[in-house]
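Asker: What follows is a structure written as structure tokens; I'll ask about it next.
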Amino acid sequence: MIRLEKFDKNDYDRLINWIDSEQSMIQFSGPIFNFPITFEQLDKYINADNRLIYKVINSETSEIIGHAELNNIDKKNSNARICRILIGDKQNRNKGFGKTLIQELIRIGFEDLKLHRLDLGVYDFNEQAIKCYKDCGLEIEGLFKENSKVGNEYWSTYNMSIINRN
């Protein structure tokens, strides 16, 4: 259904176009970027250590439909963070791509990287993403209450994780 390939400079414009508001940027990336996202910010992003950044490609159409990352890859402690998950065009949402993407990131983390633990953060109002993550085997560990200020609001973040039991 999907394949992952390395995200590079040729993908910048597409990602920038998908992120059309400060709120969508924060939901996608947390505090890592400032809105609007620029090429300079993305240059720093792709050159940071301990992360694998992917573009998500629909295997059937070869269309680039999303973005994903494994970050904070810690080989000593055998864990990493799933982050910056996005199915970019709204027409590709609710078709199973997100679930397949998370399953593939888990496979990469556990099989290719031989990690023991993967985790992620998700805003508590993003019920669709939370359901997807639970369907993929992640469990809620806790809630960081009102830990992100967005405009005049505070957003709370669930931390979710999955352990490699194989």
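Asker: What are the residues in segment 1-28 that are within 24 Å of residue 112 (Cβ to Cβ) and either hydroxyl-bearing (Ser, Thr, Tyr) or in contact with a Ser or Thr (Cβ under 8 Å, 6 or more places away or on another chain) (or both), if any?
Answerer: Within segment 1-28, 1, 2, 3 qualify.
Asker: Identify, from the list 141, 146, 111, the residue that is acidic (Asp, Glu) and over 21 Å from residue 27 (Cβ atoms). Spell out how you get there, then give the answer.
Answerer: Numbers: 141 fails: over 21 Å from residue 27 (Cβ atoms); 146 fails: over 21 Å from residue 27 (Cβ atoms).
111 is the lone residue from the list that is acidic (Asp, Glu) and over 21 Å from residue 27 (Cβ atoms).
Asker: Determine, yes or no, whether residue 55 is in contact (Cβ under 8 Å) with a residue 24 or more places away in the chain, over 17 Å from residue 129 (Cβ atoms) and among the basic types (Lys, Arg).
Answerer: yes
Asker: Also, quick follow-up: Take the residues in segment 76-91 that are over 20 Å from residue 138 (Cα atoms) and in contact (Cβ under 8 Å) with a residue 24 or more places away in the chain, then tell me which one is surrounded by the most Cβ atoms within 10 Å (Cβ to Cβ).
Answerer: 88
Asker: Moving on to the next point. What are the residues in segment 128-155 that are assigned to a loop (DSSP other than H, G, I, E, B) and of a type in the set (A, V, I, L, M), if any?
Answerer: 138, the sole residue that qualifies.
Asker: Can residue 30 be described as in contact with a helix residue (DSSP H, G or I) (Cβ under 7 Å, 6 or more places away or on another chain) and among the small types (Gly, Ala, Ser)?
Answerer: Details: in contact with a helix residue (DSSP H, G or I) (Cβ under 7 Å, 6 or more places away or on another chain): no; among the small types (Gly, Ala, Ser): yes.
When the stated conditions are applied, residue 30 does not pass them.
Asker: Continuing with this model, one more query. How many residues are touching a helix residue (DSSP H, G or I) at 6+ places or on another chain (Cβ under 6 Å) and of a type outside the set (Val, Ile, Thr) if we restrict to segment 5-20?
Answerer: Going through segment 5-20 one residue at a time, the tally reaches 1.
Asker: Let me ask something else about it. Quick check on my filter: what residues within segment 111-138 are farther than 25 Å from residue 95 by Cβ and in contact with a strand residue (DSSP E or B) (Cβ under 9 Å, 6 or more places away or on another chain)?
Answerer: 113, 115, 116, 117, 119
Asker: Go through segment 150-166 residue by residue and tally those that are surrounded by 12 or more Cβ atoms within 10 Å (Cβ to Cβ) and at pLDDT 95 or above.
Answerer: Of the residues in segment 150-166, the ones surrounded by 12 or more Cβ atoms within 10 Å (Cβ to Cβ) are 150, 155-164.
From the residues that got through so far, the ones that are at pLDDT 95 or above too are 155-164.
Residues flagged as surrounded by 12 or more Cβ atoms within 10 Å (Cβ to Cβ) and at pLDDT 95 or above within segment 150-166 amount to 10.
Asker: Please go through segment 149-166 and give me each residue that is within 23 Å of residue 24 (Cβ to Cβ) and in contact with a helix residue (DSSP H, G or I) (Cβ under 7 Å, 6 or more places away or on another chain), ordered by number.
Answerer: Result: 150, 158, 160.
Asker: Filtering segment 105-127 down to residues that are part of a helix (DSSP H, G or I), of a type outside the set (Gly, Ala, Ser) and touching a residue at least 24 places away in the same chain (Cβ under 8 Å), which residue is nearest to residue 32 (Cα to Cα)?
Answerer: 105
Asker: Return the residues of segment 86-121 that are touching an Asp or Glu at 6+ places or on another chain (Cβ under 8 Å) and under 22 Å from residue 144 (Cα atoms); say none if nothing qualifies.
Answerer: 119
Asker: Looking only at segment 132-149, which residues are loosely packed, with under 15 Cβ neighbours inside 10 Å and closer than 16 Å to residue 161 by Cβ?
Answerer: Step one: filter segment 132-149 for residues loosely packed, with under 15 Cβ neighbours inside 10 Å, giving 134-135, 139-147, 149.
Passing the criteria: 134, 135, 139, 140, 141, 142, 143, 144.
The values are calculated or read from the model by the stated rules, or taken from the named source; none is laboratory data. In this text the structure is predicted, and so the values were computed from the model without any measurement. Because the Cβ atoms are built from the backbone with ideal geometry, glycine has one as well, and the counts that use them run over all protein chains shown.
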